[in-house]
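All of the numbers you see were taken from the coordinates with simple rules; none came from a lab. These numbers come from a predicted model, not from an experiment. Cβ coordinates were reconstructed from backbone atoms using ideal geometry, including for glycine residues, and neighbour counts include every protein chain displayed.
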Amino acid sequence: MRDMRLAYFSPLNPVRSGISDYSEELLPHLSTAADIDLFVDGYRPSNPGISQSFGIYNHKKFDRLMEERRYDAIVYHMGNSPAHAYIYQMLFKRSGIVVLHDVVLHHLITWMAVHQGKIRRYLQEMEALYGQEGLELGKRVFRGQRPNAIFDYPLCEKVIRQSQGVIVHSRYAEDKVRLIAPEKPVAKINMGMPLPQQRSRDQARKALGLGPNTFVVSSIGFMNPYKRIDSALRAFRGLLGYIPDAKFVLVGDPSSNYDPKQTIRMLGLEGDVWKRGFATEDDFWNYVFASDVCLSLRYPTAGETSAAALRLMAAGRTVMVSDIGAFDELPGHCCVKIDVDDSEEEQILENLLLLAQVPALRESIGWNARLYIATEHTLAASASGYIRFIAHLTGRSSPASRVSRPGSEQEVSQKENESAAGTEVRTTESLQAVLVPRVEPPPPDLRPTVTTDREPEDRPASPTSPYLSELAAEAATLGVTEEDDEELKAIARVVAELLG
């Protein structure tokens, strides 16, 4: 039997999109079990490995090729940006399998309404789906307003119902799809993520001109109003009261309706925040490995699984995320979660102080994160999930067992996996957060490059540090050591209860 033949619609580089990167990483794995043609919006992919390995066609030629090549399935990658406009339109000409990267597609559809002269149709759809409230919100949008309520009106319903089946990357998105179309086949497949080669923290900082002892907080990626950058900047200003030489690095292009320059100026942070634009791949990884803590905050959520957060975790970084949507499904010992309520700014500050004072905590979280990605988010497993689901929908026998696992992906033993299991790092329980799981030293190819940035006596004091010191001293007096797991767990439970 011939290979499964797929028509694959997705943005690719040079289109700046996380979905471009994701597709380029996934395609080599899919191609071991399927013959794939790529359909783009009138450009040549800049990645030579992609352009030399796949048939590349303008989407306008698809109808002819569909008759010639007799594709078994069409795969549409659907995201919430203008890069997906041609994909949206093609879906309604020919149904296919939708990879729904964002549950909320409202921003894409309003962009199409403006640029394709379909504002009246947009307003009619808002009223048909959501009643008078939807119509009134639509009118506000076209008066130049962008209220957060947009996220409550996802405009994904037609896409889901038009599809043959839906692939999502989180239980959160899966639940949303099932609520909209209970009869629709849906597969939750973890987003595959490669493990990057580790870089020396000191070398990365030297390349960027950052000091070896500076506590570095970063937000890396496209900047928009929903990345909570203003809250993070206010928390960072508080951090400077404890760590005057800390730096906040912003890397990425700002969106057309958001630029943090005004907030930086109002907070008097011009000398403490490095604002960088779009970074080359080499500089991107330097910023990642130079960072002590990486922020990947988001509220409201469009129902996306953040490839950026998973990429940072794969690099062994300590990542701070908003406890909402798909982020809520990340294991708590692999990241630090921030509640999306009035205490957000306070929680960011509290956790930055804690992470600055306890480098071992950063190292443990980073190692747990890298191990989690290496075991639960492999590209080979993701590709196998795609092939099995497509085979199920098309009635073909599944060739998923032939999906290769490249040598660059790390094998992680069951013993290592068990050693990384641990308690969840919660933001309102600072002392409990210090009592992180004790893990065995990771193998060299997975170990995060982390160095202590200050001698103990130079570390900033945090509001909880005197209590931690007294607790450690009393425990030592009683003969409790690092080997006494049960005693330490009991102490942690009691202290957590006392802190309430």
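Show me, for segment 123-138, the HN-Hα J-couplings you get by feeding each phi into the Karplus relation (A = 6.51, B = -1.76, C = 1.60, θ = phi - 60°), rounded to Hz, glycine and proline as x.
Calculated HN-Hα couplings, in order: 5, 5, 5, 4, 6, 5, 7, 10, x, 5, 4, x, 4, 5, 5, x Hz.
How would you rank 294-302, 69-77, highest first, on the average number of other Cβ atoms within 10 Å across their residues? Could the numbers behind the result be given before it?
Values: 294-302: 22.8, 69-77: 19.7.
Most protected by this proxy first, the peptides run 294-302, 69-77.
Residue-wise, which Karplus ³J(HN,Hα) couplings in Hz belong to segment 181-189, taking 6.51 cos²θ - 1.76 cosθ + 1.60, θ = phi - 60°, and x for glycine or proline?
Here the 3J(HN,Hα) series is 9, x, 7, 7, x, 9, 10, 8, 10 Hz.
Using only the Cα atoms, what convex hull volume per residue in Å³ does segment 236-386 have?
Details: hull volume 20.8 nm³, N = 151.
So the per-residue hull volume is 138 Å³.
Setting aside same-chain residues fewer than 8 positions from Lys188, which lysines have a Cα under 22 Å from its Cα?
Lys158, Lys176
Could you order the peptides 147-158, 377-388, 309-320 from most to least packed, using the average number of other C-beta atoms within 10 Å per residue?
Working: 147-158: 17.4, 377-388: 21.8, 309-320: 26.8.
Packing proxy ranking, top to bottom: 309-320, 377-388, 147-158.
Can you run phi through the Karplus equation (6.51, -1.76, 1.60; θ = phi - 60°) for segment 295-309 and list ³J(HN,Hα) in whole Hz, with x for Gly and Pro?
Along segment 295-309, the couplings run 8, 9, 8, 7, 6, x, 9, 8, x, 7, 9, 7, 4, 4, 5 Hz.
Once amide H atoms are placed 1.01 Å from N in the peptide plane, what residues at a sequence separation of 5 or more from Ile36, or on another chain, have their amide H within under 5 Å of its amide H?
Leu6
Calculate, in nm to one decimal, what Ala149 and Glu133 gain on full extension: separation in residues at 0.36 nm each, minus their alpha carbon distance. Let's see the in-between values first.
Details: separation 16, 0.36 × 16 = 5.76 nm, distance 1.06 nm.
Taking 0.36 nm per residue and subtracting the Cα distance, the gain is 4.7 nm.
Under 19 Å between alpha carbons, and skipping anything fewer than 8 positions from Lys337 in its own chain: which lysines qualify?
Those lysines meeting the cut-off are Lys227.
Could you name the lysines in cross-link range of Lys206, using Cα to Cα under 17 Å and dropping any fewer than eight places away on the same chain?
Lys247
Find out how many positive minus negative residues lie around Ala326, taking Lys and Arg as positive, Asp and Glu as negative, among other residues whose Cβ is under 14 Å from that of Ala326.
Working: positive: Arg171, Lys176, Lys188, Arg298, Lys337; negative: Asp102, Glu174, Asp175, Glu304, Asp323, Asp328, Glu329, Glu376.
Summing Lys and Arg as +1 and Asp and Glu as -1 gives -3.
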